[in-house]
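Each remark here refers to the structure printed beneath this line.
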């Protein structure tokens, strides 16, 4: 029997997790919205007077996506969601029921999975049928491709779906795993593919643009990326290597904007760019 644990704290945990098939993930990112489940579909889901809900977990180690092919987990910012939505903590089986192993087995769950439903489920509740601008709530995306091996694995990674996911994820870190235990634990250092390097390049590129666009260079002192940017341009050789990587993506909006500024200030190569940026940064001190 599903029931709400408490009516007193109608909010979500600081960090919550939502598992979804890859095909759904692509649509979520493309449309920048996630559609919710109706509370009217099942009597057991009618826990509140709201019409829609989103199932969430407070544990990344749960069984909500184990053994399922082409699944991903969204790491969501519960604090941000709480600013607009309400949430409830759900006791999926009921205090007495979830201790009954026969009940768990009849439900088609493995013993390793049932704890996910008795202790760790929360539900976002609303009368809206979708959450708009979902990307602003997504902190990370983790993808499980552990059922594939060798060339088949890399063919999947290079498949258009995953390239589109990276495209639409924009500034959201994406991690792909070839072992389910690493996916479940979200061990980022064990991910065999990530867009993290691209995100770092974008962050650096944005800092260079901020240097160009600031009328008063000292204004950059107040920006969060200031120290990050200073470290990136401290050494000429590092700056060269970094900018070469950024310029490799000729279709990037950041690359296009930087080159526009280089044209404006008659900077013809990376050496010129380095001297220009260094001079402006020196003026900030």
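Can you pull out the residues in region 30-68 that are at pLDDT 85 or above and under 18 Å from the mean Cα position of the chain (by Cα)?
30, 31, 32, 33, 34, 35, 54, 55, 56, 57, 58, 59
Would you point out the residue of region 229-245, among those that are part of a loop (DSSP other than H, G, I, E, B) and modelled with pLDDT of 70 or more, that is farthest from residue 281 (Cα to Cα)?
That would be 235.
Check region 105-128 and report whether any residue there is loosely packed, with under 15 Cβ neighbours inside 10 Å, at pLDDT 50 or above, in the same structural domain as residue 27 (by TED's automatic domain parsing) and within 31 Å of the chain's Cα centre (by Cα).
Yes: region 105-128 contains one or more residues that are loosely packed, with under 15 Cβ neighbours inside 10 Å, at pLDDT 50 or above, in the same structural domain as residue 27 (by TED's automatic domain parsing) and within 31 Å of the chain's Cα centre (by Cα).
So for region 88-104 (the condition being assigned by TED's automatic domain parsing to the domain that holds residue 128 and at pLDDT 85 or above), does at least one residue qualify?
yes
Restricting to region 157-192, name every residue that is assigned to a loop (DSSP other than H, G, I, E, B) and surrounded by 17 or more Cβ atoms within 10 Å (Cβ to Cβ).
172, 173, 178, 186, 191
Tell me which residues, restricted to region 135-155, are part of a helix (DSSP H, G or I) and in contact (Cβ under 8 Å) with a residue 12 or more places away in the chain.
135, 136, 137, 153
The values are calculated or read from the model by the stated rules, or taken from the named source; none is laboratory data. What you are looking at is a predicted structure, and each value in this text was computed from that prediction instead of being measured. Heads up, the Cβs are rebuilt from the backbone with ideal geometry, glycines too, and the neighbour counts pull from every protein chain shown.
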